[in-house]
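Participant: Have a look at this one before I ask anything.
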Amino acid sequence: MAEALLSVGLDVGTTSTQMIVSRLTVTNNASAFTVPELEISNREILYRSAVHFTPLLEGNLVDGDKIRQLVEEEYQNAGISRDEVDTGAVIITGETSRRENAKAVLSALSEYAGEFVVATAGPALESILAARGAGAVAESRATGQRVFHMDIGGGTSNMALIENGEILCTDCLNVGGRLIKLDGEGRIHYISPVLTGLCKLSPGDRATEEDLASVAALLVQALEMAAGLREPTPLLQQLRSAELGDFRGCTVENAVISFSGGVADCIEKEHAPFAFGDMGPILGREIRKSRLCQGRYRIGQETIRATVIGAGCHSAQLSGSTVFCQNVSLPLKNRPAVVLEKEAQALSAPELGERIRQKLAQQDTLPVLALPGWKAENYGCLRKWAEVLARALPSPVLIAAETDMAKALGQAIALHRRGDGILCIDRVKLAQGDYLDVGNPVGPAFPVVIKTLILER
C-alpha cells in the first residue's frame, strides 16, 4: 500500500537559508509477516524557495525571528499551510549549528513542523548529507570509483571519502567563503576567529584581491592536506573542526575529487572578486589553481543546495516482542541511527570494538546502534558481541536489531553493565541517516517511528 506525504525541508546554514516542498510516495515492499521495508517510490518537488542569506544579529548571532518570518513567507509563496504538512526536516548546518542561539532558531521554526526531524547537523552528518545531495555517493556506487567529496560552504568544508557507494569516513575543516566578509569596495566588516594568526587583516581595513588571495591560498593548502595531496603541517590541525574517526585521506591516483557548496560555483565560473560580499570567488579561484584540480575532479550535481534536506518521511510500527528494557526513560525522540554492517559480525572482538568506536566518533548526539541482518549462530557468538557492545557503547545502551535476538542480546549485555540503561529492540530495520523514536511499551512490544532524511537522489 502506498501513502502520499507532503513534506518540507528547511536548511539554515552559515551563509544561506532555503526550503523545499515535496510530495513523497511511501511504499511498503515487505509482506505482512516480515520487517517493514519502506521505500520512497516517488518524490516530486513542488516548490523550491529562493536561496536567502541567513539573517544575523549583532555579534554574528542568528536572528531566529527573521528566519521564522522568512519561512512564513515561503510557505505563502508555496501555497501551503502548516496543517497540510505531514513531515519534514529542519537542519541547522555549518557554523550556524554552533551559534549560541541555535536552539532558539529550532524553537522558532518548530511550529512549522508536523512530525519533523529537528537536528543540528554536526560535521559528520553534514558531510554525509552533502556527499549524498551532490550525487557523489550515487556516482561512486554506479561507477565503482573512489570519490573524495568536498562541500565548501560559508564557514566550513565538509569532506567524505566514498568507495563503492559507501562513506568510509568524514572530515571537516573551518574553511569557507564567508570567513571574511566585506563590502563592494573591499572594506572588511567581519573576520572569523578561526583565522586568528593566519590573517593580518582587521575589521575596517580595505582589502585588496592580493590580500584575500594570500589568505585563501593558506586555506586551500589545508584542503590539499586533508585530501592527502600535501604533507600535513600544524595548519591542518588548527583548521580542523573535529576529529571524526580514523580519517587518513586519499590520493589523486585512487580518487575522483568532487566539489559542492557555494564556493564550488566559483571554481569554474568567473565572478567579480567581491561579488558576494565575501572571499568566496577568490577562494574558488585558488582551488582551481591548486593540486585539488590537477587530476580528475567534478562539480557536484547540486552545489549551493547540496545539503538541503528534501524531506523526512516517517512510519509508525511496533517492534518485535522479544525485547529488553532496563532503566531507560521513555519516550525517546530523534535518536540518529549508526549502522553496523552485517559483514562486521565476522570481525574479531578487538576489530569489532574499534569499528564501533569509529562509528560513534562520527556522532554528535547519543545514537541507536542498528544491526541490520545480524544473526547469532550460537549463544557463544551472542556473548562475544554482548561483551564488545557493553565496552564500546555509551549509556544508555540503545540497540535496534532486525532479527529476533534483542532480548537475549540485552540480557547478555546487562551481565556487563549492571544497573545501566539498556534498550534492545528487534524487528526494526534502520539505515544510515534514519532517526528513531521509541514510545512507551504496548504489551510486550514498543511503538517506534522511523524517520528518514531524504534527498532528491
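The values are calculated or read from the model by the stated rules, or taken from the named source; none is laboratory data. No experiment lies behind these values; they were computed from the predicted model shown. When we count neighbours, we look across all protein chains shown, and the Cβ atoms used for this are built from the backbone with ideal geometry, even at glycine.
Participant: Go through (1) modelled with pLDDT of 65 or more; (2) among the polar types (S, T, N, Q); (3) within 14 Å of the chain's Cα centre (by Cα) and name the single condition Ser97 misses.
Facilitator: (1)
Participant: Sticking with this structure for a sec: Restricting attention to region 396-426, which residues are of a type in the set (S, T, N, Q) and either more than 11 Å from Arg383 (Cα to Cα) or not in a helix (DSSP H, G or I) (or both)?
Facilitator: The answer is Thr403, and nothing else.
Participant: Then there's this: For region 340-360, indicate whether the set of residues that are surrounded by 18 or more Cβ atoms within 10 Å (Cβ to Cβ) and in contact with a Ser or Thr (Cβ under 9 Å, 6 or more places away or on another chain) is non-empty.
Facilitator: Among the residues of region 340-360, not one is surrounded by 18 or more Cβ atoms within 10 Å (Cβ to Cβ) and in contact with a Ser or Thr (Cβ under 9 Å, 6 or more places away or on another chain), which makes the answer no.
Participant: If you don't mind, there's one more thing I want to ask. Kindly indicate which of Gly177, Gly186 is within 21 Å of the chain's Cα centre (by Cα) and under 17 Å from Ala275 (Cβ atoms).
Facilitator: Answer to the check: Gly177.
Participant: So, of the residues in region 277-289 that are surrounded by 20 or more Cβ atoms within 10 Å (Cβ to Cβ) and not charged (D, E, K, R), which turns out to be nearest to Leu229 (Cα to Cα)?
Facilitator: Ile287
Participant: Would you be able to say whether some residue in region 447-457 is of a type outside the set (Val, Ile, Thr), more than 30 Å from Val21 (Cα to Cα) and within 29 Å of the chain's Cα centre (by Cα)?
Facilitator: no
Participant: Taking region 414-452, which residues are in contact with a strand residue (DSSP E or B) (Cβ under 6 Å, 6 or more places away or on another chain), among the hydrophobic types (A, V, I, L, M, F, W, C) and closer than 21 Å to Thr365 by Cβ?
Facilitator: Ile422, Leu423, Cys424, Ile425, Val428, Leu430, Leu436, Val438, Phe446, Val448, Val449, Ile450
Participant: Sticking with this structure for a sec: Residues of region 378-395 being assigned to a helix (DSSP H, G or I) and more than 17 Å from Glu354 (Cα to Cα), which ones?
Facilitator: Tyr379, Gly380, Cys381, Leu382, Arg383
Participant: What do you reckon, is Val26 within 30 Å of Ser321 (Cβ to Cβ), at pLDDT below 85 and either in contact with a strand residue (DSSP E or B) (Cβ under 7 Å, 6 or more places away or on another chain) or part of a strand (DSSP E or B) (or both)?
Facilitator: So Val26 passes the test.
Participant: Moving on to the next point. Within region 311-330, identify whether any single residue is modelled with pLDDT of 90 or more and closer than 24 Å to Leu129 by Cα, and answer yes or no.
Facilitator: No, because not a single residue in region 311-330 is modelled with pLDDT of 90 or more and closer than 24 Å to Leu129 by Cα.
Participant: Tell me yes or no: at least one residue of region 202-220 is of a type in the set (Val, Ile, Thr), more than 28 Å from Gln301 (Cβ to Cβ) and touching a residue at least 12 places away in the same chain (Cβ under 8 Å).
Facilitator: Within region 202-220, one or more residues are of a type in the set (Val, Ile, Thr), more than 28 Å from Gln301 (Cβ to Cβ) and touching a residue at least 12 places away in the same chain (Cβ under 8 Å).
Participant: For region 335-374, what are the residues that are of a type in the set (S, T, N, Q) and either more than 22 Å from Leu161 (Cβ to Cβ) or without any contact (Cβ under 8 Å) to a residue 12 or more places away in the chain (or both)?
Facilitator: Residues satisfying the conditions are Gln345, Ser348, Thr365.
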